[in-house]
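Structure record follows, encoded as structure tokens.
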Amino acid sequence: MSNNHLILGAITGDVIGSVYEFDNVKSTDFPLFGEKTDFTDDSVLTLATMDLLLNGGDYATVYQDYSRNYPNRGYGGNFRGWIMMERPRPYNSFGNGSAMRVSPVGWAFDTLEDVLKEAERSASVTHNHPEGIKGAVATAGAVFLARTGGSKADIKAWVEKETNYNLNRTVDEIRPVYQFNETCQETVPEALIAFLESKDFEDAIRLGISMGGDSDTLACIAGAVAEAYYKEIPEEIQRKVLKILPPEAVELIKKFSEKYVR
């Protein structure tokens, strides 16, 4: 399969944003890759979602297995405790973890209704707070609408109706006052605004990271929707990301893409 058809948007955003999460850059002028560029928990759990959609299973088990197999990737405190539970239970989280890992769901189903049901299912094993579920639903729904030909106006209108998120802001308005925040309600809207303002995939990533805050997750979500909308990621960017990922991750992405790109 050509790299042009790999589903890699969320992971690309995470990888590029990885070095800026705790070293924010309030500008779109920054290097995309450097010596410390790597993949984080956003990529690990996105891969886990791909695996489940391909091979079946239950989300709790798959998320635990992947997190244990790829330790020390920046998992949140409550989630780190959940990873090691013998009988994992959701912990009423509204953190942005539910949104960062859900984008493959937007590719794997043929109707918006099915996408939203599966997004809630993926979120609820950990993030069963209404805001945690809402963040996953908004992200997966936006990916679905983008890949099935929805306009930016369509996507914006649907998200606003579904979630009551305020998307009537600009990145320039957000950037000066935005601070580090790991909640869905203060990450997902900002990431979607970055996509809505963007002119291409790379621009969406740069706009997301430029707001500061939880940069890798902002870029992960923005990148997921931007890829579905623009239908391509620059070849050079894809090549660099694929070199950073372990071989088994690349193979999984190829298998997922072969099944669900259509």
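Bear in mind these aren't lab numbers, they're just calculated from the coordinates by the rules spelled out. Values in this document were obtained by computation on a predicted structure and should not be read as measured data. All Cβ positions, glycine included, derive from the backbone under ideal geometry; neighbour counts span all protein chains shown.
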Legend entry - Residue-averaged 222 nm ellipticity for the chain, from DSSP H runs of 4+ at -39500 (n - 2.57), nearest 500: -18000 deg cm²/dmol
Legend entry - Cα coordinate range in segment 164-262, projected on the principal axes (Å, largest first): 40, 25, 25
Legend entry - Percentage relative contact order, segment 7-50, counting C-alpha pairs under 8 Å, at least six apart: 56 percent
Legend entry - Quotient of C-alpha Rg and 2.2 N^0.38 Å, computed over the chain: 0.89
Inset, instruction - Evaluate the relative contact order of the chain (contact order divided by residue number), counting alpha-carbon pairs under 8 angstrom at least 6 apart; express in whole percent. - result: 32 percent
Legend entry - Sorted peptide list for 133-140, 5-12, 77-84, 235-242, criterion being average Cβ within 10 angstrom, highest first: 133-140, 5-12, 235-242, 77-84
Inset, instruction - Please list the non-local residues whose amide H lies under 5 Å from the amide H of T183, H modeled 1.01 Å from N, same-chain partners needing a gap of 5 or more. - result: N96
Inset, instruction - Taking the Cβ of each residue in Y63, Y91 as the centre, tally the other Cβ atoms inside 10 Å and list the residues starting with the fewest. - result: Y91, Y63
Inset, instruction - Fewest Cβ neighbours within 10 Å first, please rank V177, V225 accordingly. - result: V177, V225
Legend entry - Whole-Hz couplings from phi, Karplus 6.51/-1.76/1.60, listed for segment 163-177; x for Gly and Pro: 10, 6, 5, 8, 9, 8, 10, 10, 4, 4, 6, 6, 3, x, 10
Inset, instruction - For a quick protection proxy, order the peptides 202-212, 249-259, 24-34 by their average other-Cβ count within 10 Å, most packed first. - result: 202-212, 249-259, 24-34
Legend entry - Which of D214, D38, D51, D110 has the fewest Cβ neighbours within 10 Å, and the rest in rising order: D110, D38, D51, D214
